[in-house]
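A quick write-up on the structure given underneath.
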Protein chains: 2
Amino acid sequence: MRLDLDIWHMTNHNGIFSLNDILKAESRFRTTFINSLGGFKSLALIGTRNKKGVTNLAVFNSVVHLGASPPLIGFIVRPDSVERHTLSNILETGELTINHVQEDFFERAHQTSARYPDDVSEFDAVGLTEEFRFGMYAPFVKESSVKIGAAFRQRIDIAENGTVMIVVKIKYVCVPENTIQPDGYVDLHKAGTITCSGIDSYHRTEPIARLTYAKADRMPDIIKS
Amino acid sequence: MRLDLDIWHMTNHNGIFSLNDILKAESRFRTTFINSLGGFKSLALIGTRNKKGVTNLAVFNSVVHLGASPPLIGFIVRPDSVERHTLSNILETGELTINHVQEDFFERAHQTSARYPDDVSEFDAVGLTEEFRFGMYAPFVKESSVKIGAAFRQRIDIAENGTVMIVVKIKYVCVPENTIQPDGYVDLHKAGTITCSGIDSYHRTEPIARLTYAKADRMPDIIKS
């Protein structure tokens with residue numbers, strides 16, 4: 001690690017880095033650094049099951065809202081990583097679940113990113129519980145307070161680096177009833193959902209405020225809940 | 001709002017919703033609800049400038065890490081919204097900046113989502129400061145502690161709902177020097193970066209832990225910083 005730091009200190013002026021500096025850095029260092037830059041990220045366990053019946057569970061931090069009508073979510077898969085099972089199971093069965101992570105099982109969520117053999121379910125390996133609901137073939141995570149059952153819609157190959165964006169449509173939603181506010185807002189802090197940054201850092205949240213819809217003629221107000 | 005809540009109570013059994021329930025809900029309610037489900041999200045101000053020289057600043061919560069080699073970031077744009085200026089400026093000039101949001105200016109960041117006339121810069125309208133660096137044409141946000149200068153690489157149209165994913169390559173990075181750890185991790189909590197959920201809720205973070213790289217034969221350890 002010393003060496004990497006030295007490399008950076010040679011080119012680093014007050015926290016400023018050019019593309020050249022980034023490309024010169026050692027590979028693991030660069031991965032950790034670049035992964036940190038996008039800000040805090042969604043943290044979700046994606047549950048799938050292959051045709052043979054073996055379940056799979058993998059942690060993702062790239063879930064992104066695409067639209068509400070129809071309700072669509074996207075996420076990024078790296079086909080050359082442990083995430084390839086998630087991808088092949090979704091393409092095989094058309095189904096998946098998206099399950100939020102709480103602080104009481106974040107180590108087990110992280111552990112799903114280890115390379116287990118094909119016939120081992122991460123549910124068993126890390127100690128999380130499969131839950132089958134709504135006639136879906138893909139498993140939910142019983143321990144998650146917020147969970148979504150979804151259907152595969154579209155695969156988008158990102159030519160720039162060989163990653164894949166998967167677009168899915170929400171079919172079922174389970175949230176704790178006391179987290180839903182009258183205007184449709186689901187209070188994820190109250191639900192215990194946590195967030196992450198970089199490749200391995202986990203964070204709880206603290207509400208600052210909700211703000212009213214922005215209008216050009218005045219600054220927003222705080223929404224009282 | 002009463003009516004919306006009634007609609008949901010008719011079909012809502014202990015916080016469980018089907019696609020049918022979601023499609024029956026009133027439009028703004030559905031938007032708020034579905035936007036909440038993806039978890040906590042990145043929060044960034046994207047700075048651009050059109051050929052005439054008018055700068056634009058817009059808040060996004062869909063920034064996602066795509067890869068480290070080369071360093072790529074993606075984000076989702078809705079061409080039928082105020083975000084259309086961001087899209088057209090990027091396509092016109094090939095440049096943009098991505099700037100993190102801190103608690104001391106989150107109301108101003110939110111306010112960039114109001115509909116201002118084409119010739120008004122959101123920097124002036126909301127009271128944030130343009131900063132030109134590295135010979136880039138696109139403006140950075142002076143107030144942001146973490147900022148990225150980037151170049152347009154690819155536009156991906158998402159057929160399912162007419163949204164667009166923009167893929168960009170990182171050219172410059174500015175982070176507070178004291179937030180960079182020896183392994184490349186940038187401590188965003190220390191940098192003051194905040195996160196958001198739903199369409200209008202802002203949250204600060206509190207570190208739980210960083211975990212070691214997951215190996216199949218043992219559970220992860222906490223990384224001491």
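The values are calculated or read from the model by the stated rules, or taken from the named source; none is laboratory data. Everything quoted here is computed from the prediction, not taken from an experiment. Virtual Cβ from ideal backbone geometry, glycine too; neighbours counted across all protein chains shown. Note: accessible area is taken over every heavy atom of the protein model, side chains too, but ligands, DNA and RNA are not part of it. Shrake-Rupley method; radii C 1.70, N 1.55, O 1.52, S 1.80 Å.
Side notes on the structure shown:
- When the stretch B:52-66 is limited to residues that are part of a loop (DSSP other than H, G, I, E, B) and within 7 Å of chain A (Cβ to nearest Cβ), the one that is surrounded by the fewest Cβ atoms within 10 Å (Cβ to Cβ) turns out to be B:SER62.
- The set of residues in the stretch B:12-24 being in contact with a Phe, Trp or Tyr (Cβ under 9 Å, 6 or more places away or on another chain) and within 7 Å of chain A (Cβ to nearest Cβ) consists of B:ILE16, B:PHE17, B:SER18, B:LEU19, B:ILE22.
- Flag for A:SER225 being more than 16 Å from A:VAL101 (Cα to Cα), outside any strand (DSSP E or B) and not aromatic (Phe, Trp, Tyr): yes
- From the options A:ALA25, A:ALA58, A:ALA68, residue that is over 19 Å from A:ALA109 (Cα atoms), of a type outside the set (S, T, N, Q) and at pLDDT 95 or above: A:ALA68
- Restricting attention to the stretch A:39-51, the residues that are in a strand (DSSP E or B) and open to solvent by less than 10 Å² (accessible area, probe 1.4 Å) total 5.
- Leading residue by the ranking (most open to solvent (accessible area, probe 1.4 Å)) among those in the stretch A:195-222 that are within 7 Å of chain B (Cβ to nearest Cβ) and assigned to a loop (DSSP other than H, G, I, E, B): A:MET219
- A:SER144 being in contact with a Cys (Cβ under 9 Å, 6 or more places away or on another chain) and more than 8 Å from every other protein chain (Cβ to nearest Cβ): yes
- Residue match in the stretch B:88-98 (condition: at the interface with another protein chain (Cβ under 10 Å from one of its Cβ atoms) and at pLDDT 95 or above): yes
- Residue match in the stretch B:186-202 (condition: over 17 Å from the mean Cα position of the chain (by Cα) and of a type outside the set (D, E, K, R)): yes
- Whichever residue in the stretch B:67-80 is in contact with a strand residue (DSSP E or B) (Cβ under 9 Å, 6 or more places away or on another chain) and either without any contact (Cβ under 8 Å) to a residue 60 or more places away in the chain or among the β-branched types (Val, Ile, Thr) (or both) and, among such residues, is nearest to the other protein chains (Cβ to nearest Cβ): B:GLY67
- The set of residues from the stretch B:166-185 being closer than 25 Å to B:ASN89 by Cα and more than 7 Å from chain A (Cβ to nearest Cβ) comprises B:ILE166, B:VAL168, B:LYS169.
- Search result, residues across the stretch A:113-125 that are facing chain B (nearest Cβ under 8 Å) and touching a residue at least 40 places away in the same chain (Cβ under 8 Å): A:SER113
- Condition check for B:PHE40: modelled with pLDDT of 95 or more and at the interface with chain A (Cβ under 7 Å from one of its Cβ atoms): yes
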